Amino acid sequence: MAIDLLLGLQWGDEGKGKIVDVLTKKYDVIARFQGGPNAGHTLEFEGIKHVLHTIPSGIFHPTAINLVGNGVVIDPVIFKQELDNLAPFNIDTAKSLLISRKAHLILPTHRLLDAASEMAKGKAKIGSTLKGIGPTYMDKTGRNGIRVGDIELPQWKETYTALRDKHLVMIDNMNVTLDFSIEELDRDFFAAVEYMRTHLAFVDSEEYLSQAQKNKQRILAEGAQGSLLDIDFGTYPFVTSSNTTAAGACTGLGVAPNKIGEVYGIFKAYTTRVGSGPFPTELFDEIGETMGRVGHEFGATTGRARRCGWLDLVALRYAVEINGVTQLMMMKGDVLSGFDELKVCTAYNYRGETINHLPYSLNAEELSPIYTSFPGWKEDLTGMHEANELPQNLHDYIAFVEDFVQVPISIVSVGPDRSQTIFRTTE
Ligand code: GDP
Ligand code: IMO
Ligand code: MG
C-alpha cells in the first residue's frame, strides 16, 4: 500500500497540523519524517486549541498510531512537556505513540550552541527558533550524534557526557556570554529521558513501516516546516537543517520513492514567513498588517510575529515541482475576505529581466515581484461548509492558482477548526 505525504509548500505554518488532524480518520499510521520542536502544529476542535511540536498531529484520533521517524530530532524535555499537555485528554500514548530508535536527540548543549551561533552571527542571524535544530543535525551528519536507541545501551551516560563536554568546550571558544547551569540542564534532561524510556515504545521504525505496508495499513507522512525552508531547495542559508521536501520523507522514514502515493501540498492563500531571509512578496503596509492581525500570524513555537505578503505563485509552482504534489490544499482563504483587490505574484523582475522561475538569489536588491490583480470578496467564509457557497471571486482565484501550477485544489480551509474545511472533490 502506498504511503501518502503531506507537506508545506511555503515557509512553514501553512496549517499542516490542522489538515493532518482532518485527514487522520482515513489513515492507520501518521508518521513525522523530519524537523523537531522548531515546528508548531496547531489543531483546533471542540473549542480547544492544541499545539504539537514533535508529536504527530494524528494523536487525538484513538485508533491511529503516531510514529516519530528517524529523520526527526527529539528534545526529551520538550517531548515530555508535550506529553504532559496531552494528559487531560486520556490518550494512551504508551500504545499510540512510537519513537524511532534512529531519531537523533537534541541535547541541552545543542540548544546552547544554537543560541551561541545566532549571537555570533549578529545581524546575519537566521532567526532560528533556538531549539538546537541546526547543531543536532550537524552532529548527525558529522557522525557525532546520539540517537534514541543509545538510551537503551549500558554506556548511555558516558556517551552523553562525552558529547556534552565536547559542546561545552566549543561554546567556551565561541566567545559569547550565555547564562546557564549545566547541572540543572543535565537534571531536567535525564528526568525527561527516563520518562521517555519507561513510558514510550522505541521501535525500529523502517521495519515497522515496512510491515505496516505489507499489512495494507494506510500511512500518512507528516512534514514539518515548508519547502522554502528546505536545506537544499530553500532560501539558503535562511532555512532549517533538514530536507522538508518529499525526498525527506523517504530518508526520514526509510520509505522507497516508488512507495509514495499522493503528495498533498499545503499553502496559505497568502504568504507568511517567520525569522530572517528574503521574502519577495512581503508587505510592509496596512494590508500586510491586516493579514497578520486577522490571520493571528504569530509563531506557534516562538510567539514571534510572522511577516506577511501576497501569494507567490512562482515560488508555489517551484515547490509543487520539487515535491511532485498531486493535490493542493489552500488554507486561510477566510483571512483575505474584505480586501478590495488581491494580488498574486506571477513572475519576477530579476536583474532587469522578466523571469518565470525561482532564481538562485531572491534578494530584494536584485529581484522584485510582478503581480496579477483580482477583485476581492466581502463575504465571511468561516461559516461555509460547501464549495458552492464560496464567493465567485474566490472560485476565480482558486481556478487561477490551479491553472498556474497545474494541480487541483482539493481542500479549501476557511477557519482554524477541524469543521471549517471544505472538500472540493466531493462537489
Ligand atoms: P503548521 O505549522 O503548518 O501546522 O501551521 P501553524 O499551526 O503553525 O499555523 C497555522 C495557524 O493558522 C494556526 O493558528 C491554525 O489554527 C490556523 N489556521 C489553520 N487553517 C486556518 C484557516 O483556514 N483559517 C484561519 N483563519 N486559520 C487557520
Ligand atoms: P512548522 O512545522 C515556520 C524557521 C525559523 C528560522 C528558520 C531556521 O510549524 O511549519 P531552526 O529553528 O529550524 O534552525 O530555524 O526556520 N522555522 C519555521 N518557520 N514554521 C516552522 O515549522 C519552522 N521551523 C523553523 O523561524 O527562520
Ligand atoms: Mg507552525
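What span do the alpha-carbon atoms of segment 304-382 cover on each of the three principal axes, reported in whole Å from largest to smallest?
40, 30, 29
Which trypsin sites (Lys or Arg not before Pro) in segment 204-256 sit in a loop by DSSP (not H, G, I, E or B) and have at most 10 other Cβ atoms within 10 Å of their own Cβ?
Counting only loop positions with at most 10 other Cβ atoms within 10 Å, the trypsin sites (Lys or Arg not before Pro) in segment 204-256 are Lys216.
What is the extension gain from Asn393 to Tyr236, computed as 0.36 nm multiplied by their sequence separation minus the C-alpha to C-alpha distance, in nm to one decimal?
52.9 nm is the gain from fully extending Asn393 to Tyr236.
Regarding segment 148-239, what's the average projected area of the Cα-atom convex hull, expressed in nm²?
The directionally averaged projection comes out at 9.8 nm².
Where does each of 406-414, 82-90 land if you order them by average Cβ count within 10 Å, highest first?
Packing order, densest peptide first, comes out as 406-414, 82-90.
For Asn363 and Arg143, what is the calculated FRET efficiency with R₀ set at 35 Å and r taken between the beta-carbons, to the nearest 0.05?
0.55
Counting only residues 5 or more places away or on other chains, whose amide H sits under 5 Å from the amide H of Lys268 once H atoms are built in the peptide plane?
Amide H neighbours of Lys268: Met331.
Could you run the Karplus curve 6.51 cos²θ - 1.76 cosθ + 1.60 with θ = phi - 60° over segment 237-250 and give me ³J(HN,Hα) per residue in whole Hz, x for Gly and Pro?
Couplings: x, 8, 9, 9, 9, 10, 7, 8, 8, 3, 4, x, 6, 5 Hz.
Under a GNM of the chain (C-alpha, springs under 10 Å), which listed residue has the highest mean-square fluctuation: Leu209, Leu178, Leu107?
Leu178
Quick check: pseudo-label points 7 Å beyond the Cα along Cα→Cβ at Gln217 and His296, how many nm apart are they?
About 3.3 nm separates the two model spin labels.
Taking a ≥ b ≥ c as the square roots of the eigenvalues of the Cα gyration tensor of segment 82-215, is the shape rounded (a/c under 1.5), prolate (a/b larger than b/c) or oblate?
Since a/c reaches 1.5 and a/b is larger than b/c, the shape of segment 82-215 is classed as prolate.
When DSSP assigns beta bridges and you keep just the ones with both residues in the chain, what percent turn out antiparallel, to the nearest 5?
Taking every DSSP beta bridge with both residues in the chain, the antiparallel ones total about 40 percent.
Would you compute, from DSSP H runs of 4+ residues alone, the mean residue ellipticity of the chain at 222 nm, taking -39500 (n - 2.57) per run and dividing by the full residue count, rounded to the nearest 500?
Per the formula, -9500 deg cm²/dmol.
Helix 76-86 versus the longest principal axis of the chain: what angle, 0 to 90°, nearest 10, using Cα atoms?
Approximately 60 degrees, to the nearest 10.
So what are the ³J(HN,Hα) numbers for segment 328-336, from phi and the Karplus equation (6.51, -1.76, 1.60; θ = phi - 60°), rounded to whole Hz, Gly and Pro as x?
10, 10, 9, 9, 6, x, 4, 5, 7
For Trp156 and Thr382, what is the calculated FRET efficiency with R₀ set at 45 Å and r taken between the beta-carbons, to the nearest 0.05?
That gives a FRET efficiency of 0.35.
Treat the chain as a sphere of radius equal to its Kirkwood radius over Cα pairs and apply Stokes-Einstein at 10 °C in a medium of 1.306 mPa s; give the translational diffusion coefficient in µm²/s, rounded to a whole number.
72
Would you work out the Kirkwood radius for segment 372-427? I mean one over the mean of 1/r across all pairs of different Cα atoms, in Å.
12.0
If amide hydrogens are placed 1.01 Å from N in the peptide plane, which non-local residues have theirs closer than 5 Å to the one on Arg306?
Phe298, Gly299
Using only the heavy atoms of the protein chains and a 1.4 Å probe, how would Arg197, Arg351 rank by accessible area, largest first?
Arg351, Arg197
Using a 1.4 Å probe on the protein chains only, how many percent of the accessible area of segment 17-150 belongs to carbon and sulfur?
53
Between Asp172 and Met1, how high is the FRET efficiency from 1/(1 + (r/R0)^6) when r is the Cβ-Cβ distance and R₀ = 45 Å? Nearest 0.05.
Using R0 = 45 Å, I get an efficiency of 0.30.
If you take the square roots of the eigenvalues of the alpha-carbon gyration tensor of segment 211-307 and sort them as a ≥ b ≥ c, do you get rounded (a/c under 1.5), prolate (a/b over b/c) or oblate?
Here segment 211-307 falls in the prolate category.
So what are the ³J(HN,Hα) numbers for segment 113-124, from phi and the Karplus equation (6.51, -1.76, 1.60; θ = phi - 60°), rounded to whole Hz, Gly and Pro as x?
5, 4, 5, 5, 5, 5, 4, 5, 6, x, 5, 7
Could you give the accessible area per residue of segment 348-421, probe 1.4 Å, as a whole number in Å²?
In whole numbers, segment 348-421 has 53 Å² accessible per residue.
Report, largest value first, the span of the C-alpha coordinates of segment 84-134 along each principal axis, in whole Å.
45, 26, 15
Given points 7 Å out from each Cα along the Cα-Cβ axis, report the Lys125 to Glu289 separation in nanometres with one decimal.
A separation of 2.5 nm, rounded to one decimal place.
Just the Kirkwood number for segment 348-394, please: inverse of mean 1/r across all distinct Cα pairs, in Å, one decimal.
13.8
Taking 29 Å as the cut-off for C-alpha to C-alpha distance, list the pairs among Lys80/Lys259; Lys26/Lys259; Lys18/Lys216 that go past it.
Long pairs (Cα-Cα over 29 Å): Lys80/Lys259.
What number comes out for accessible area per residue over segment 210-265 if the probe is 1.4 Å? Units Å², please.
Per residue, segment 210-265 has 40 Å² of solvent-accessible surface.
The values are calculated or read from the model by the stated rules, or taken from the named source; none is laboratory data. Quantities reported herein were computed from a predicted structural model and do not represent experimental measurements. Virtual Cβ from ideal backbone geometry, glycine too; neighbours counted across all protein chains shown. Calculation scope for accessible area: heavy atoms of the full protein, side chains included, ligands and nucleic acids excluded. Shrake-Rupley method; radii C 1.70, N 1.55, O 1.52, S 1.80 Å.
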